[in-house]
Amino acid sequence: MRPGPGEVLHFSEDPSIRVFRPHIAPTSVKATPYVWAVGHDRAPGYWFPRQCPRAMAWLSPKTSDEDRARIIGDGCGTRVHAIEYGWLEAMRTVELYAYRLPAEPFQPADAAMVATTEVTPLGPPERVGDLFELHAEAEIQLRVLPRLHEFWDAVIASSLEFSGIRLRNAVAR
């Protein structure tokens, strides 16, 4: 599930959104209200239940051979996502939807895309489907761990690119 040309995506468990209105996210450090979306490269980071903590890492031109072997594994693709065992059932059963939004009102903001005006979806939301299958089709490793923090610590100390989402929901250290 990726955006097409001229599109960005917003993932949600709510299939009834008709208009996206700018708001300030509860965890935001910025006071500007935004509509949030993602482009092609960041879409896989949202193939999860909304509240699911996840740690993700992928290759970049700066990635050392040692870090690739240690974190991703030799011959194991270019990207790895990790969740905790406690989220397996939610991964199996969540009804996740993707909203296709027009790209033109959005601007890059860190790893996401943001708009400061209301945005109407290009059509009805699309059911994302089996999240495990989506990862497999994209050749993204999906690891299930007892706790994310040890993996996350290794990732952020490496030469890989990375993203952590909802880590505050992870099992405590």
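Which ³J(HN,Hα) values in Hz, rounded to whole numbers, follow from the phi angles of region 96-105 under the Karplus curve 6.51 cos²θ - 1.76 cosθ + 1.60, where θ = phi - 60° and Gly and Pro get x?
9, 10, 10, 9, 8, 10, x, 6, 4, x
Among 23, 163, 61, pick out the residue whose Cα is farthest towards the positive end of the charge dipole of the chain, where Lys and Arg carry +1 and Asp and Glu carry -1 on C-beta, about the Cα centre.
Working it through, the farthest residue towards the positive pole turns out to be 23.
Going by amide H atoms built from the backbone, whose H comes under 5 Å of the H on residue 128, apart from near neighbours?
Residues meeting the criterion, in which the H sits 1.01 Å from N, are 96, 97, 98.
Among the GluC sites (Glu not before Pro) within region 102-173, which fall in a DSSP loop and have no more than 10 other Cβ atoms within 10 Å of their own Cβ?
139
Counting only DSSP beta bridges with both residues in the chain, tell me the antiparallel percent, nearest 5.
Close to 85 percent.
Under the Karplus relation 6.51 cos²θ - 1.76 cosθ + 1.60, θ = phi - 60°, what is the ordered set of whole-Hz ³J(HN,Hα) values for region 39-47, x standing for Gly and Pro?
Ordered by residue, 3J(HN,Hα) equals x, 4, 5, 8, 4, x, x, 10, 8 Hz.
When the convex hull of the C-alpha atoms of the chain is computed, what volume per residue in Å³ does it have?
Each residue corresponds to 126 Å³ of Cα convex hull volume.
Hey, can you rank 26-37, 7-18 by average C-beta count inside 10 Å, highest first?
7-18, 26-37
At residue 116 and residue 95, where each label point lies 7 Å from the Cα along Cα→Cβ, what is the point-to-point distance in nanometres?
Modelled inter-label distance: 3.7 nm.
Amide H to amide H, which residues 5 or more places from residue 7 or on other chains are under 5 Å from it, using H placed in the peptide plane?
Answer set, sorted by chain and number: 103.
Determine, from the Cβ-Cβ distance of residue 62 and residue 169 and an R0 of 35 Å, the FRET efficiency 1/(1 + (r/R0)^6), rounded to the nearest 0.05.
0.75
Normalising by the residue count of region 7-169, find the relative contact order in percent from Cα pairs under 8 Å and 6+ residues apart.
Relative contact order here is 37 percent.
Could you go through region 16-22 in sequence order and give the Karplus-derived ³J(HN,Hα) for each residue, using 6.51 cos²θ - 1.76 cosθ + 1.60 with θ = phi - 60°, rounded to whole Hz, and x for Gly and Pro?
10, 6, 9, 9, 8, 10, x
Rule-based calculations on the coordinates, nothing more; no lab input. Predicted model only: the values in this text are computed from it and were never measured. All Cβ positions, even for glycine, are placed from backbone atoms using ideal geometry, and neighbour counts span all protein chains on display.
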